[in-house]
Every structure is written in structure tokens, then in C-alpha cells.
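The next block holds one structure in the form of C-alpha cells; read it before the comments.
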Amino acid sequence: MRSSLLSSVFRLPSPWPRGVLRNSWPLKLTPLERKLGLRFKNRDLLEQATIHPSYVNELRPARSSLDSYERLEFLGDSQLNLDITLEIFKRRPSLSEGELTKLRSSLVRGSTLAKVARVLELGDHMKLGKGEESTGGRDRDSNLAAAFEALVGAVLIDRGPDAAKKFVLRIMDAELEVALAQGVPEDPKSRLQELVQKMGRTPPQYRLVASEGPEHAKQFDVEVVVGGQVVGRGEGRRKADAEKQAALAAFHLLDDSGTN
């Protein structure tokens, strides 16, 4: 029932052509479906989840009906957050609200989702505009994370919330196990602050380099400066997330240099 409602909201055609038996359609998995371990009823959804906005912009107005993954990304982001939240809530009953929030953030942040997308080789299947392709967009964390969220949204519409949850927990299983084993992560900005103080250097400063994209899926690019030098850079859906990624990169750089 809910799956049918979602399909109607997104104005998608029926996944099963009239007169074709379900167990005979589609007969052969696509390479991406094989990698995902999932058969799509409506492959238009799977294709849409791989279309970067730059690809759409270059084709318009010739193909004005073509949509990028942005709407699916919005939906997948909500589903992913819900599934991960419920899982860590169930598996770590002793954690406080703040600790659960930190643990969830470590799992749904852009760098983690991009890592999962690389395992799925999702970048190889993305459709990008020429400009985005030429600047390394196929392996950019923000693009990979967005495409993965769109993929979750596509599964949600195509198969329903239960199937989407199973897909998320299966695909995210390795990252979940690592995060649960390591426990609540420390705030990278606090770790960087302490390291810089021990080194006797000036406090880190964070600068917003760029912010782009629609309001519901904005991407922030931040760099962190210590002693007048850029020592880290990060991306994120929120400015705070981008700052944390920049702080983490700076921490590893300074910590390595201090121990060598």
C-alpha cells in the first residue's frame, strides 16, 4: 500500500507491463543490480538515482522531462537516517541521546556514505555533465554520497520501506560493525584543538570556501587554517559537518607530522 502511494507521488509508470508475468520481468539483472544484489521492478528509478544534476542541465531543453537524483536523494536521506537510528538505538540501549547522535552522525556523514558507494562502484554508473566529469566529479565524496542516498530512495519507492531497510542494513553492515565496535567517536574539532594547543600553535580557524546546491541538498566546502596555513579541508551537507571533516583531515596531518 505504502509502496503504491510512493509510486503515485513520484508519478512513475507501473513497474510491471500489462500482460507480462512478474516472475519473467526483467529476465536479466543489469551490472549495477548484480552489484547491489537487488532486482528493480522499475529500472527507471535505478537510472534516475545515477543522474547528476550537471548531466540534466547539459541536456535541457532537448530532454526537458529528464530528472536528476536530487528528489530521490531527499527521500533516501530520510530513510537512511531512520534505519540507522533505529538500528543503533536497538543495539546500544545504554547510550545517551547525545552519544546516539554522535554515533549516527559518524555513519550517515558524507565520507562514510561515499566509502560505501565506492565499494558498490556506484561512481562507474553515474551520469555526469562534461564539466563535472573533467573535474573529478565521479569520485567526489559529495556526489557519491548523494547518489547512494538517491539509491536508497529508489529502493524505497520500488520495493517499499521494509525492503529499503533490509537493503540499508545489508549494505551498511560493515560500517555499522566498525562504528559499534569503536564506540562513540570523539569530536574531531575538539581533538584538533587539543593537539594544536599541545604543539603551542595558534587555535584553528574555519573558513567557508564554497556552498552550492539546492536548499534541501546543499553542499558546504570548508578549510581549516592553523598558523596561516591550510591544514585540512572537508565537505558536508551542513557547515558543521564540513568543519568536522576538515578538522579530522587536519588532525591526521598534524599528528603525523608531529610524530615523525
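Values as computed for the structure displayed
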quantity: Alpha carbon centroid spacing (whole Å) that separates the stretch 89-115 from the stretch 233-251; calculated: 17 Å
quantity: Under 15 Å, Cβ to Cβ, from E133 - net charge with Lys/Arg +1 and Asp/Glu -1; calculated: 0
quantity: 0 to 90° range, to nearest 10: angle between helix 110-119 axis and the chain longest Cα axis; calculated: 50 degrees
quantity: V230, V225, V155 arranged by Cβ crowding within 10 Å, fewest neighbours leading; calculated: V230, V225, V155
quantity: Stretchable slack from K115 to L29, in nm (0.36 nm times residue separation minus alpha-carbon distance); calculated: 28.6 nm
quantity: Where labels lie 7 Å past Cα in the beta-carbon direction, separation of R170 and Q229 in nm; calculated: 4.8 nm
quantity: Residues of type aspartates and glutamates that K115 reaches as a straight line, Cα spacing below 15 Å, ignoring anything fewer than 8 places off in the same chain; calculated: D124, D139, D141, E149, D173, E175, E177, E235
quantity: Per-residue [θ]222 nm for the chain (sum of -39500 (n - 2.57) over DSSP H runs n ≥ 4, rounded to 500); calculated: -17500 deg cm²/dmol
quantity: Angle between the chain longest axis and helix 97-108 axis [Cα atoms, degrees, rounded to 10]; calculated: 60 degrees
quantity: Spatially proximal lysines relative to K166 (Cα-Cα < 16 Å; intrachain offsets below 8 disregarded); calculated: K35, K90
quantity: Pairwise FRET efficiency - L59 versus L253, Cβ, R0 = 41 Å, nearest 0.05; calculated: 0.50
quantity: Label corresponding to Kirkwood radius over Cα pairs in Å when calculated from the structure given, among (1) 20.0; (2) 18.5; (3) 19.4; calculated: (1)
quantity: Global form of the stretch 188-241, assessed from the alpha-carbon gyration tensor, a/c cut-off 1.5; calculated: prolate
quantity: Potential lengthening between F74 and E212 on full extension [0.36 nm per residue; Cα-Cα distance subtracted]; calculated: 48.1 nm
quantity: Qualifying aspartates and glutamates (Cα of each under 15 Å from Cα of K41; at least 8 residues distant if same chain); calculated: E33, D158
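Bear in mind that the values in this text are calculations on the coordinates, not laboratory data. Bear in mind that the values here come from a model prediction, so they are computed numbers and not experimental data. Glycine gets a Cβ as well: all are built from the backbone with ideal geometry, and neighbour counts include every protein chain shown.
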